[in-house]
Amino acid sequence: MEEDLAPQETTEKTQTVVSASDLDETAEKGSYHLKGYTLKGVFDFPIGAAVVYERLKNEPYSSTLKREFSRLSSESNFKFHMLQPKENEFVFTKADEIVNFAQQNKMQVHGHTLIWALDGMTPDWVLNYKGGAKEFDQLLKNHIYTVVKHFKGKVTSWDVVNEALTPNGTYVDNIWLRKLGEGYLLKAFQYASEADPKAKLFANDYSQEYGGKKLKKYLKIADEARAKGIRFDGLGFQMHTVLRVDANMVQKSFEMTAAKGLLVHISEMDVALRYQKPSTFDLTDSLSRAQGAKYKELVYAYLNGVPKHLRFGITTWGVADKDSYFNRNYVNSNHDYPLLFSKDYKAKWAYRGFIEAGLGR
Ligand code: XIL
C-alpha cells in the first residue's frame, strides 16, 4: 500500500482574511488588490507563474504577468516531448518565446522539467528506443546537455526530475529506471550541472509537503548526491493543495528540507476548492475568503519554515482560475477556482491572503 498522507478531514474553515476597513485600500470593486502593492514588489524572493505559450499575447493575461510576477515557469513547453518530439530533432521555438517574454520583462525563467519520471509523460520514441543501459545513458545525456546548454544563462533553474518517487518513497517505475536503475536520477543531476554549472537544480514532486516517506527519501537522495559530489540544490514542492491542508505540517516539511541546507521552491501552487462538490459549482464569498485564509497560512508556513537564504520562491500554476489546468477539460471553466485571480483577472481573496503574508499582516 502506498502511503496516503493527504488530508482526510472534511470541515472547511471559513475565516475573514482582513478587516472590512482594509477594503478601503482596494483599487476596484470585486478586486482585493492592495493599492500600491504587487506580489513581486512585496516579496524579496521571486514570485512565479506557470504560463502557456499560446496565451502570452492575450490581455489581461500578459499585463497581469508583467505587473505581478518576477519568474515564469511553463506548464508544458519545456517538457521532453515538446523539446525533442523525435530523436535528435529539437524544437525550441515556443520555449524560446517564453524566455524572450521573460527577459523583456526582467523575469527569471525556471525550466520544468528535464525528465518527467512517468512513461505516460515520455514520448513513444523514447519508450520504444532500442538499446540497453549504454544507449539510454547516451539518450539521457544528449537530451539534458542539448536542452540545458541551449538555455544556459537564460533558464537559471531546472526541475531535473519530476515525480520520480511514489508516496511510499520508492522509485516510480519508468523507462529510465528499467534501463539505468535508480542511479538514473543522480545521473540526470550530474549531466545538468555539467551542462550549466550555474543553474540551480531541483527534484520536483507532489505530496512531500506531508513530511512522509517521499520527503524523507528525497532528503536521503540529496545526502547521497553530496557524498558523490553531485550538485542537488533543492526540492520543488508542487503544492497542488486543498483547503483542508494543515499548514503546520507543511511548515514542518519545509523545516526538514531547509535543515539539510536545501533550497525550497513552492513550484506549482494552487488551492483547490472542489472537495465534495458537483462537477461545477459557484465560488461563494465564504469559500473565496476561506481560500484567502489558506493561501495566507501557507505563505506564512513558507516564511516561517524556510530561512531567507533558502527561499527560492513561490510559483502558482497559472494566473486566473479559468487558466488553471483543473479547468482544461471542462466547458464552463467553473470546475474549480484554485488560483489568485478571478476569471476577469481581478485579485481574489486568495491574492489578498498571499500578499498580506508578505506584508506581515
Ligand atoms: C500539467 C499541465 O498544466 C497541463 O497543461 C499538461 O497537459 C499536463 O501537465 N504536475 C506537474 C505538471 O508537474 O507538469 C503538470 O502540468 C501538473 C501536475
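Points worth noting:
- Full extension of the chain between residue 121 and residue 170 yields a length gain of 15.8 nm, computed as 0.36 nm times the residue separation minus the alpha carbon distance.
- Spin-label model, residue 142 to residue 96: label points 7 Å out along the Cα-to-beta-carbon direction sit 2.1 nm apart.
- DSSP-assigned coil residues among trypsin sites (Lys or Arg not before Pro) in region 175-247, each with at most 11 further Cβ atoms within 10 Å: 198
- Multiplying the residue separation of residue 152 and residue 259 by 0.36 nm and removing their Cα-Cα distance gives an extension gain of 35.6 nm.
- In terms of its C-alpha gyration tensor, the chain has a prolate overall shape, because the principal axis ratio a/c (a ≥ b ≥ c, square roots of the eigenvalues) is not below 1.5 and a/b outweighs b/c.
- Cα shape, region 210-361, gyration tensor, a/c 1.5 rule: prolate
- Cβ-Cβ FRET estimate between residue 89 and residue 200, R0 fixed at 35 Å, reported to 0.05: 0.80
- Across region 256-270, computed HN-Hα scalar couplings (Karplus, 6.51 cos²θ - 1.76 cosθ + 1.60, θ = phi - 60°) run 4, 6, 5, 4, 8, x, 8, 5, 10, 10, 7, 9, 8, 5, 7 Hz from first to last residue, x flagging Gly and Pro.
- Amide hydrogen neighbours beyond the local backbone of residue 272, cut-off 5 Å, H modeled: 241, 242, 243
- Here the relative contact order of region 160-280, from alpha carbon pairs under 8 Å that lie six or more residues apart, stands at 26 percent.
- Fully extending the segment from residue 29 to residue 82, taken as 0.36 nm per residue of separation minus the present Cα-Cα distance, adds 15.0 nm.
- Annotation for residue 220 and residue 182: the two label points, set 7 Å from Cα along the Cα-Cβ direction, are 0.6 nm apart.
- Label separation (residue 105 vs residue 344): 2.2 nm, computed from points 7 Å beyond Cα along the C-beta direction.
- Loop chymotrypsin sites (Phe, Trp or Tyr not before Pro), region 201-304, which have at most 16 other Cβ atoms in a 10 Å radius of their Cβ (DSSP): 275, 281
- Ascending count of other beta-carbon atoms within 10 Å, so fewest first, for 119, 323, 44: 44, 119, 323
- Given R0 = 22 Å, the distance between the Cβ atoms of residue 37 and residue 286 translates into a calculated FRET efficiency of 0.35.
- Helical contribution to [θ] at 222 nm, DSSP H n ≥ 4, -39,500 (n - 2.57), averaged over the chain, rounded to 500: -10500 deg cm²/dmol
- Fluctuation leader among 299, 91, 264 - the chain, Gaussian network, Cα springs under 10 angstrom: 91
- Taking a ≥ b ≥ c as the square roots of the eigenvalues of the alpha carbon gyration tensor, region 130-238 is oblate, as a/c is not under 1.5 and a/b does not beat b/c.
Since every read-out is calculated from the coordinates, none of them should be taken as a lab result. Remember, predicted model here, so these are calculated numbers, not experimental data. For neighbour counting, all protein chains shown are included, and Cβ atoms are generated from backbone atoms with ideal geometry for every residue, glycine included.
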